[in-house]
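Following: one structure in structure tokens, then a few remarks.
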Amino acid sequence: MELFDGLKKHISGKNVRIVFPEPTDERVLGAAVRLKSDGLIEPILIGNTQSISELASARGLTIDNLTIIDPKTYDKFDDMVQSFVDRRKGKATEDQARTVLLDENYFGTMLVYMDLADGLVSGAVHSTGDTIRPALQIIKTKPGVSRTSGAFLMVGNRDSEKYIFSDCAININPDAQALAEIAVESAKTAEIFGIDPKVALLSFSTKGSAKSEEVTKVIEATKIAQDLAPELAIDGELQFDASYVPSVAQQKAPDSKVAGQANVFVFPEIQSGNIGYKIAQRLGGFQAIGPILQGLNKPISDLSRGCNEEDVYKLSIITASQALQGK
């Protein structure tokens, strides 16, 4: 895909350090070896060296040039414990920290927090909660962002067909403030992929064609988002056809700078977002890449447990791109 060719050129040679807390999974290890071999990132594998080496040997993979850190023998573990206790601000004792940081996800997330790594990719084995919980406790959300969210990059048969669908993974029913933040963060995600963001906050109503609490929420979210990022093209409330089809936009929202040309679609709650991206994927033939976690101070990415090696490879490239965007 030309899309990933561009991302590869962007991160190549930048020595972006990505943590992999699940290297004893063959999909993860295979992707990490490829990423290093292709000169795209510097993988940091978390776990027992012997176990990782045994899997590599069984797969015929060379890992001599990869960094492996075992939390149980890490020479800066005491520094990490103190940093964790300070970060948790009284919510964890030193003894609790020593136990928690033996968990690969917590350990890996602390490496990112301490600037010893630039991002983390997990979730091939662990649940979404196991991946996100350490990120929310340690990395935390950006100033002005109250919560993280999950976007999908939707890619059609032609590379020109690139869209962002959000939030399809994290927030069940965000309020107007959260929805506005999701809209702004989704625009930033779009820019990673060379998309000039035109953000539509979706509804079953266009510009007052229906009235309900659900519509009011989207109207309020649109106003907040426009205030948060006046430089961005953001509009709502828009039905999907009005946001996407120029002729419908001319009828329903003729004065909108987004209607008929939207490429970032913000769904009002997770039900419609999840359904929407899967319809596009299964009926429309779009490739759904994600979820891409948004709103954190540093990139932490959550794989699906049903992923394959190629999914790990691609999400790692995206995570490295997010890390460079944040610098």
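Remark: region 128-137, residue by residue, has Karplus-estimated 3J(HN,Hα) of 4, x, 5, 7, 7, 4, x, 5, 5, 7 Hz, where x stands for each Gly or Pro and the curve is 6.51 cos²θ - 1.76 cosθ + 1.60 at θ = phi - 60°.
Treat every Asp and Glu Cβ in the chain as -1 and every Lys and Arg Cβ as +1, leave all other atoms uncharged, and give the resulting dipole magnitude about the Cα centre to the nearest 20 debye. Before the final figure, lay out the partial values.
On the way: 35 positive and 43 negative charges, 76 e Å.
Value, rounded to 20: 360 debye.
Diagonalising the gyration tensor over the Cα atoms of region 80-194 and scaling each eigenvalue by 5 before taking the square root yields semi-axes of 31, 17, 13 Å, largest first.
Shown in residue order for region 14-23 are the 3J(HN,Hα) couplings computed by the Karplus curve 6.51 cos²θ - 1.76 cosθ + 1.60 at θ = phi - 60°: 8, 6, 6, 9, 10, 8, 10, x, 10, x Hz (x for Gly and Pro). Highest-first packing order for the peptide set 302-315, 116-129, 265-278, 56-69 is 116-129, 265-278, 302-315, 56-69, based on the mean count of other beta carbon atoms within 10 Å. Here the relative contact order of region 99-197, from alpha carbon pairs under 8 Å that lie six or more residues apart, stands at 17 percent.
Shape analysis of the chain yields a ratio of the Cα radius of gyration to the Kirkwood radius, Rg/Rh, of 1.01. In terms of overall dimensions, region 91-152 has a Cα radius of gyration and Dmax of 12.2, 39 angstrom. Restricting attention to region 149-283, the count of lysine pairs at 8 or more positions apart or across chains with alpha carbons under 13 Å apart stands at 6. Close amide-amide hydrogen proximity is noted between residue 42 and 16, 17, 18, each under 5 Å apart and 5 or more residues distant or on a separate chain (H modeled in the peptide plane; Pro and chain starts excluded). The listed residues 209, 301 rank as 209, 301 when sorted by accessible area, largest first, using a 1.4 Å probe. Once the Cα atoms are used to define both axes, helix 176-192 deviates from the longest principal axis of the chain by about 70 degrees. In square angstrom, what is the accessible area per residue of region 149-283 with a 1.4 angstrom probe? Per-residue accessible area for region 149-283 comes out at 45 Å². The charge dipole of region 21-81, taken about the Cα centre with unit charges on the Cβ atoms of Lys, Arg (+1) and Asp, Glu (-1), comes to about 200 debye, rounded to the nearest 20.
Relative to the dominant Cα principal axis of the chain, helix 309-325 is inclined by about 80°. Since only 195, 149, 174 are under comparison, the one whose Cα sits farthest along the positive direction of the charge dipole of region 148-224, derived from C-beta charges on Lys, Arg, Asp and Glu, is 195.
The largest accessible area among 256, 205 belongs to the first residue in 256, 205, and the rest follow in falling order (1.4 Å probe, all chains).
More than 21 Å apart: what percent of Cα pairs in region 149-283 qualify?
That fraction is 32 percent.
Over all directions, the projected convex hull of the C-alpha atoms in region 12-76 averages 4.3 nm² in area. Count the net charge of all other residues whose Cβ sits under 9 Å from the Cβ of residue 138, scoring Lys and Arg as +1 and Asp and Glu as -1. Counting the neighbours of residue 138, the net charge comes to +3.
Annotation: peptides 220-231, 20-31, ranked by per-residue average of other Cβ atoms within 10 Å with the highest first, follow the order 20-31, 220-231. Of the solvent-accessible surface of region 149-283, computed with a 1.4 Å probe over protein heavy atoms with every protein chain present, carbon and sulfur atoms account for 51 percent. Close amide-amide hydrogen proximity is noted between residue 67 and 45, each under 5 Å apart and 5 or more residues distant or on a separate chain (H modeled in the peptide plane; Pro and chain starts excluded).
Looking at the chain, send over the antiparallel percent of its DSSP beta bridges, to the nearest 5.
On the way: 12 of 34 bridges.
Around 35 percent antiparallel, to the nearest 5.
Taking amide hydrogens as placed 1.01 Å from N in the peptide plane, the amide H of residue 236 sits under 5 Å from those of 201, each at least 5 positions away in sequence or on another chain. With the highest mean first, a sort of the peptides 7-16, 289-298 on other beta-carbon atoms found within 10 angstrom per residue produces 289-298, 7-16. In order along region 238-255, phi translates into HN-Hα couplings of 10, 6, 4, 5, 5, 6, 10, 9, x, 5, 5, 4, 5, 7, 8, 8, x, 9 Hz, rounded to whole numbers, per the Karplus curve 6.51 cos²θ - 1.76 cosθ + 1.60 with θ = phi - 60° and x for Gly and Pro.
The values are calculated or read from the model by the stated rules, or taken from the named source; none is laboratory data. Only a predicted model underlies this, so the values are computations on that prediction, with no experimental measurement involved. Positions of Cβ are backbone-derived with ideal geometry, glycine not excepted, and every protein chain shown enters the neighbour counts. Surface accessibility is based on the protein's heavy atoms, side chains included, excluding ligands, DNA and RNA. Shrake-Rupley method; radii C 1.70, N 1.55, O 1.52, S 1.80 Å.
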